[in-house]
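> The structure's right below; bear with me while I get my questions together.
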Amino acid sequence: MKKTTLFLCALVLMTLANTPAPARGAETPRRLKARVTKVYDGASFQLGGGLRSALIGVSAPAPGAPGAKQAHAYLKRLIENRTVTLEIDEKPVDASGQTVYYVFLEEGGLVNALVVLRGLGRALVKHPNVRYRKELIEAENLARRYRRGVWGDERDPIDR
């Protein structure tokens with residue numbers, strides 16, 4: 001019970017944290033608002049204009065793999081049929097042709113980090129898209145420490 005309480009406190013703090021400021025002298029991040037119309041899995045989604053997109057820095061379980069249904073359900077709960085803020089990094093398109101984004105909720109939480117923090121995906125930091133690598137790695141370290149999702153067998157209290 002104590003582990004769950006500590007984990008939930010960490011989750012709340014990450015969700016409420018303000019968006020990190022860009023490094024001194026760095027270009028202001030390019031952001032836009034868009035509506036998410038469909039979530040395909042734990043890391044990819046469709047925007048209002050039909051554009052298939054994915055979360056930068058998140059590797060969620062593939063469909064059919066352990067944890068895939070939970071990752072899909074969580075991302076769907078967070079962003080489907082909602083307006084979110086999207087931020088691109090250095091390389092806006094991945095190898096499969098999807099646009100990739102950092103996704104922020106209206107409340108300010110970084111969705112990419114929330115998915116990793118729940119243990120529903122792993123941090124996948126690939127250059128040149130590394131703007132929020134620290135947040136993603138910290139989220140994965142907390143998920144590992146508290147044995148969340150892919151890192152253990154403790155169920156998420158929200159999914160009970």
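The values are calculated or read from the model by the stated rules, or taken from the named source; none is laboratory data. Please read all numbers here as calculations on a predicted model, not as lab measurements. Backbone-built Cβ (ideal geometry, glycine too); neighbour counts: all protein chains shown.
> Please verify whether segment 59-66 includes one or more residues that are touching a strand residue (DSSP E or B) at 6+ places or on another chain (Cβ under 7 Å) and not in a strand (DSSP E or B). Quick ask: steps written out before the conclusion?
As a first pass, look at segment 59-66 and keep what is touching a strand residue (DSSP E or B) at 6+ places or on another chain (Cβ under 7 Å): 59.
Filter once more, keeping what is not in a strand (DSSP E or B): none.
Checked segment 59-66: no residue is touching a strand residue (DSSP E or B) at 6+ places or on another chain (Cβ under 7 Å) and not in a strand (DSSP E or B).
> Tell me the residue from TYR146, TYR132 that is aromatic (Phe, Trp, Tyr), over 13 Å from ILE56 (Cβ atoms) and either buried (at least 18 other Cβ atoms within 10 Å of the Cβ) or modelled with pLDDT of 95 or more (or both), please. Break it down stepwise before answering.
Values: TYR132 fails: over 13 Å from ILE56 (Cβ atoms).
From the options TYR146, TYR132, the qualifying one is TYR146.
> Something else now. Count, please, the residues in segment 26-65 that happen to be surrounded by 12 or more Cβ atoms within 10 Å (Cβ to Cβ) and without any contact (Cβ under 8 Å) to a residue 12 or more places away in the chain. Walk me through how you get there before you give the answer.
Applying the first criterion (surrounded by 12 or more Cβ atoms within 10 Å (Cβ to Cβ)) to segment 26-65 yields 29, 31, 34-47, 51-63, 65.
Still in the running and without any contact (Cβ under 8 Å) to a residue 12 or more places away in the chain: 46, 65.
Matching residues across segment 26-65 total 2.
> Looking at segment 80-96, which of the residues that are within 22 Å of ALA68 (Cα to Cα) and not acidic (Asp, Glu) is surrounded by the fewest Cβ atoms within 10 Å (Cβ to Cβ)? Let's see the steps before the verdict.
Restricting attention to segment 80-96, the residues satisfying the condition of being within 22 Å of ALA68 (Cα to Cα) are 80-82, 94-96.
Next cut, not acidic (Asp, Glu) only: 81-82, 95-96.
On the way: ASN81: 10, ARG82: 13, ALA95: 7, SER96: 9.
Only one residue tops the list, namely ALA95.
> For segment 124-141, which residues satisfy the criterion of being in contact with a Leu (Cβ under 7 Å, 6 or more places away or on another chain) and under 15 Å from LYS91 (Cα atoms)? Let's see the steps before the verdict.
Going through segment 124-141, the residues in contact with a Leu (Cβ under 7 Å, 6 or more places away or on another chain) turn out to be 125, 132, 135, 139.
Listed by number, the residues that qualify are VAL125, TYR132.
> Filter segment 94-153 down to the residues that are closer than 18 Å to LEU32 by Cβ, in a loop (DSSP other than H, G, I, E, B) and aliphatic (A, V, I, L, M) and list them by number.
LEU105 - this is the single residue of segment 94-153 that is closer than 18 Å to LEU32 by Cβ, in a loop (DSSP other than H, G, I, E, B) and aliphatic (A, V, I, L, M).
> If you check LYS2, LYS38, which single one turns out to be modelled with pLDDT under 95 and over 17 Å from LEU114 (Cβ atoms)? I'd like the intermediate steps shown before the answer.
Numbers: LYS38 fails: modelled with pLDDT under 95.
Going through LYS2, LYS38 in turn, the sole match is LYS2.
> Closer than 14 Å to TYR40 by Cα and aliphatic (A, V, I, L, M): is that true of ILE137 in this structure?
On the way: closer than 14 Å to TYR40 by Cα: no; aliphatic (A, V, I, L, M): yes.
Criteria not met by ILE137.
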